[in-house]
Amino acid sequence: MNIKAILPENIRDLKPYVAGKTIDEVKNQYQLNTISKLASNENRLGCSPLVKDAVLEALKQIQDYPDPLAGKLRKALAKRNGVDDSEVLLAAGSESIISILCRTFFKNDENAVTANATFVGFFVQAGVRGVRLKKVPVTESYKFDTDAILQAIDDQTKMVYIANPNNPTGTYLNRDEYRKLVDGIPENVLLIADEAYYEYAKDTDDYLPALEHRRDNVIILRTFSKAYGLAGFRIGYAIAHPDLIREMMKTKLTFEPTAPAQAAALAALGDDDFLEKSLDLVKKGRDQLYTLFDDNGVTYEASISNSVMMILDSEKEAIDFTQGMLEKGVILRRINAFGLPECVRITIGTPAEMEHFKESFKQVYGSIRNH
Ligand SMILES: Cc1ncc(COP(=O)(O)O)c(C=O)c1O
C-alpha cells in the first residue's frame with residue numbers, strides 16, 4: 001500500500017500531536033517521587049466534589065444514548081449566560097466545536113485569519129478541512145494585532161479566530177481593542193471568540209467578554225476543561241446566533257458529549273465555591289510567580305489566564321530550562337508548536353507544586369544562564 005498516494009495532501013502535511021510526558025513516565029525515567037505537572041493548563045485543584053456522585057448516578061443509565069441536545073445542561077448554561085437555549089450548543093470540548101465550525105462553514109478556497117501564536121487546535125482543525133490559514137504575527141507584547149488582522153481579511157475569508165485571553169501567551173485584547181476588532185469585521189465573516197479561560201479573566205477591569213458586545217457573526221467558545229477541572233470528560237459549549245447554532249447541530253456528532261460528561265458539567269456548574277477556590281489559587285500563584293521572576297530578572301508576560309509565559313533569550317535556553325526542570329520533576333510546556341520557540345508556558349499549580357517549581361527554578365535557571 002502506498003499511504004502517500006491514498007492521502008489527501010492536507011492530511012499528509014499534518015503533524016501528529018506530540019503529547020507531553022505523563023507523571024508516571026517522568027517518575028520512572030528520573031527516579032523521582034514528586035512530580036508537578038504544570039504543562040497542560042489543567043486545574044491543579046481537581047474538580048468539584050459534587051461531580052463524583054453526579055457521574056455515578058449517570059452511570060446507572062450508561063447503556064442508553066445520551067441526550068443529543070444536552071437539554072438540562074443547555075438550559076442551565078443559557079440561564080447563567082442570559083441567552084436563549086437555542087443559542088447554546090454542547091460538544092466534546094471546545095476543540096470539537098472548532099472542528100464543527102470547520103466542517104460547517106468553509107466552502108472550498110475560503111481562508112481563515114488568525115495569529116501565528118495561538119491555540120494550535122485551531123491550526124489543526126483548519127488543516128484537516130484543507131482551509132488556508134493567514135497567520136498574522138502577534139505584536140511585540142505578544143497580543144493579537146487587531147489592525148493587521150482586519151487588514152488580512154479578504155474576499156475569501158470566512159472566519160477570524162482569536163482566543164481571548166490567548167493561549168499560550170496569557171495576554172488579552174482590552175475593551176477598546178476587542179470592540180475595534182468586532183466592529184471592523186464584515187458581517188459575512190465569522191469571528192470565533194475562544195474564551196476557554198473566560199472564568200479566570202472575567203473580573204479583569206478592561207477585559208470585555210464577547211457576550212457583552214454581541215454581534216450576529218460572533219461565535220463564543222467556552223469549556224469545562226479549565227476552571228471547572230473537567231478536561232478528562234471532554235465537554236465545552238458555544239454561544240451564538242440561533243441560525244448558526246442550528247447549522248452546527250447538523251454536523252456535530254449526534255451523541256456528543258457523553259451522558260457522564262453532561263452530568264459532570266451540570267454538577268460543576270452548581271458549585272460556585274469550588275470555582276472561586278480555583279480562581280483564587282491561580283491569582284495567588286500568578287502573583288508568586290511574578291515576584292520570583294522579577295527577583296531573578298526573568299522576562300515574562302503578565303497573564304489573565306491560568307498560565308504564565310516565560311520569555312527566554314533563545315530556543316536553546318528554552319530547551320535547556322524545560323529539560324532541567326523535567327529532571328527535577330517539574331513538567332512544563334515548551335511552546336515552539338505555538339510559534340514561540342524561545343518561550344515556556346507554566347500552568348499555575350497548587351501551593352506545593354508552586355513551591356516545587358520555585359525550588360527547582362532556583363537551581364536550574366542559574367545554571368542555564370551561566371552557560
Ligand atoms: C484557547 C483554547 N481553546 C480551546 C482549548 C481546548 O479546550 P477543550 O478541552 O475544551 O477542547 C484549549 C486548551 O488548551 C485552549 O487553550
Restricting the search to the stretch 52-73, which residues are part of a helix (DSSP H, G or I) and either away from the ligand (no atom under 16 Å from the Cβ) or not assigned by TED's automatic domain parsing to the domain that holds ASP243 (or both)?
LYS52, ASP53, ALA54, VAL55, LEU56, GLU57, ALA58, LEU59, GLY71, LYS72
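Residue under question is LYS202, and the condition is that it be over 14 Å from the mean Cα position of the chain (by Cα) and within 20 Å of VAL83 (Cβ to Cβ); does it hold?
In short, yes.
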Could you tell me whether TYR200 is buried (at least 23 other Cβ atoms within 10 Å of the Cβ), more than 11 Å from the ligand (Cβ to nearest atom), assigned by TED's automatic domain parsing to the domain that holds SER225 and not hydrophobic (A, V, I, L, M, F, W, C)?
yes
Checking the structure you have, find out if any residue of the stretch 87-106 is surrounded by fewer than 16 Cβ atoms within 10 Å (Cβ to Cβ) and part of a loop (DSSP other than H, G, I, E, B).
no
Please go through the stretch 131-150 and give me each residue that is closer than 23 Å to ASP176 by Cβ and touching a residue at least 12 places away in the same chain (Cβ under 8 Å), ordered by number.
VAL136, PRO137, VAL138, SER141, TYR142, LYS143, PHE144, ASP145, THR146, ALA148, ILE149, LEU150
Determine if the stretch 4-19 includes at least one residue that is in a loop (DSSP other than H, G, I, E, B), loosely packed, with under 12 Cβ neighbours inside 10 Å, among the hydrophobic types (A, V, I, L, M, F, W, C) and not assigned by TED's automatic domain parsing to the domain that holds ARG129.
yes
Given (1) surrounded by 12 or more Cβ atoms within 10 Å (Cβ to Cβ); (2) over 23 Å from the mean Cα position of the chain (by Cα), index of the condition LEU45 fails
(2)
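Per-residue answers, yes or no, for (1) closer than 19 Å to TYR17 by Cβ; (2) in the same structural domain as ILE220 (by TED's automatic domain parsing); (3) part of a loop (DSSP other than H, G, I, E, B); (4) within 14 Å of the ligand (Cβ to nearest atom):
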site	(1), (2), (3), (4)
LEU133	yes, yes, no, no
TYR142	no, yes, yes, no
ALA148	no, yes, no, no
GLN151	no, yes, no, no
MET159	no, yes, no, no
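The values are calculated or read from the model by the stated rules, or taken from the named source; none is laboratory data. Every value quoted in this text rests on a predicted model; they were computed, and no experiment measured them. Neighbour counts run over all protein chains shown; Cβ positions are idealised from the backbone, glycine included.
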